[in-house]
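Data first, discussion second: the structure below is written as C-alpha cells.
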Amino acid sequence: MIIRKKFKFEGAHIVRNCSTNRCKKSIHGHSYEVEVFFTSTKLDNGYMILDFGLTKKHIKNIIDSFDHAYTFWNKESEEFKNFFKTNSERYIEIPLSPSAEVYSLMFLKLLDKVLTNMNLTNGEGDVKISSVRVHETKTGYAEAFRSDLDTMEFDINKIVFSNQVINEWKDKEELLEILQNI
C-alpha cells in the first residue's frame, strides 16, 4: 500500500548545463508541487501507514524552505552567489544544478533522513518514503525512487540554507540536529 502527501512551494533557479538557453542562462521560477509517497510493512493503531499530521513538522519545514527562495548550484561564480546572499534573505545553495530531477532526489534523501529520526509511537511499521515526485510545471515532473539514491553522487551535507530559512523552521534546534547528523 502507498499513501501520498502533497506539498507546494514557489521557487526560482537557473539550471546550468542543460540544453536550452532560457533554462541555463535565465533566472526563472516555478510553482512546484512535491508529492511524497510512503509505504510501510503494516498499518498503525489507527489503521494508517502514517498519520499525515506527523508530516506537518519537519517534512513540511524542509519543503517549505524552498518557498520564495532562490536555489543555486554551489559551482556558480562567487560574484553570482554573493549577489543572492546579499540581496535575498531566502536562498539555498546545493551541490548540483537545481533541476527537477535533483530536487526530487534531494528531497528523497533529506526527507528519508527526517523520517528515520521521527519518533513514531502509534504502532507504525517500517515506514519508508518510496519516492518523491517534483512537478516543475503542469505537464512535467521528475520522480526519484529509493533505487535512485545511489545513482547520483549527491552530498546532502553540502546543502546550505540561509539564516532566514533556518530561522523560520518550527522546532529549528531539533531539525538542525537531525540535519547535522546526516
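The values are calculated or read from the model by the stated rules, or taken from the named source; none is laboratory data. This one's a predicted model, so the numbers in the text were calculated from it and none came from an experiment. Cβ sites come from the backbone with ideal geometry, for glycine too, and all protein chains shown count toward neighbours.
Of note:
- Sole residue being touching a residue at least 24 places away in the same chain (Cβ under 8 Å), of a type outside the set (A, V, I, L, M, F, W, C) and closer than 24 Å to THR121 by Cβ, chosen from LYS6, LYS85, LYS57, LYS75: LYS57
- Hits in segment 10-29 - residues which are buried (at least 18 other Cβ atoms within 10 Å of the Cβ) and closer than 30 Å to THR116 by Cα: GLY11, ALA12, HIS13
- Residues located in segment 36-47, provided they are surrounded by fewer than 17 Cβ atoms within 10 Å (Cβ to Cβ) and in contact (Cβ under 8 Å) with a residue 40 or more places away in the chain: THR41, LYS42, LEU43, ASN45, GLY46
- Qualifying residue in segment 79-98 (condition: closer than 16 Å to LYS8 by Cα and not basic (Lys, Arg)): no
- The residues on offer are SER131, SER77, SER99, and the sole one that is farther than 28 Å from PHE38 by Cβ and among the small types (Gly, Ala, Ser) is SER77.
- Residue in segment 72-86 that is under 18 Å from MET152 (Cα atoms), within 13 Å of the chain's Cα centre (by Cα) and not β-branched (Val, Ile, Thr) present: no
- The residues of segment 122-146 that are in contact with a helix residue (DSSP H, G or I) (Cβ under 7 Å, 6 or more places away or on another chain), under 26 Å from ALA12 (Cα atoms) and β-branched (Val, Ile, Thr), listed by number, are ILE129, VAL132, VAL134.
- Residue satisfying all of: in segment 25-39; of a type in the set (S, T, N, Q) and over 18 Å from SER147 (Cβ atoms); farthest from the chain's Cα centre (by Cα) among these: SER26
- Across segment 125-152, the number of residues qualifying as modelled with pLDDT under 95, acidic (Asp, Glu) and within 16 Å of the chain's Cα centre (by Cα) comes to 1.
- LYS172 among the basic types (Lys, Arg), at pLDDT below 90 and either in contact with a Gly (Cβ under 8 Å, 6 or more places away or on another chain) or within 19 Å of ILE92 (Cα to Cα) (or both): yes
- Residues considered: LYS24, LYS42. Of these, the only one that is farther than 19 Å from LEU108 by Cβ, of a type outside the set (S, T, N, Q) and at pLDDT below 95 is LYS24.
- As a summary of the residue check, ILE62 satisfies the conditions (1) among the hydrophobic types (A, V, I, L, M, F, W, C); (2) in contact with a Ser or Thr (Cβ under 7 Å, 6 or more places away or on another chain); (3) closer than 19 Å to ALA144 by Cα except for the one numbered (2).
- Of all residues in segment 21-32, one or more are under 28 Å from GLU174 (Cα atoms) and of a type outside the set (D, E, K, R).
- Selection of segment 9-28 for residues being of a type outside the set (A, V, I, L, M) and either under 30 Å from GLY125 (Cβ atoms) or assigned to a strand (DSSP E or B) (or both) yields PHE9, GLU10, GLY11, HIS13, HIS28.
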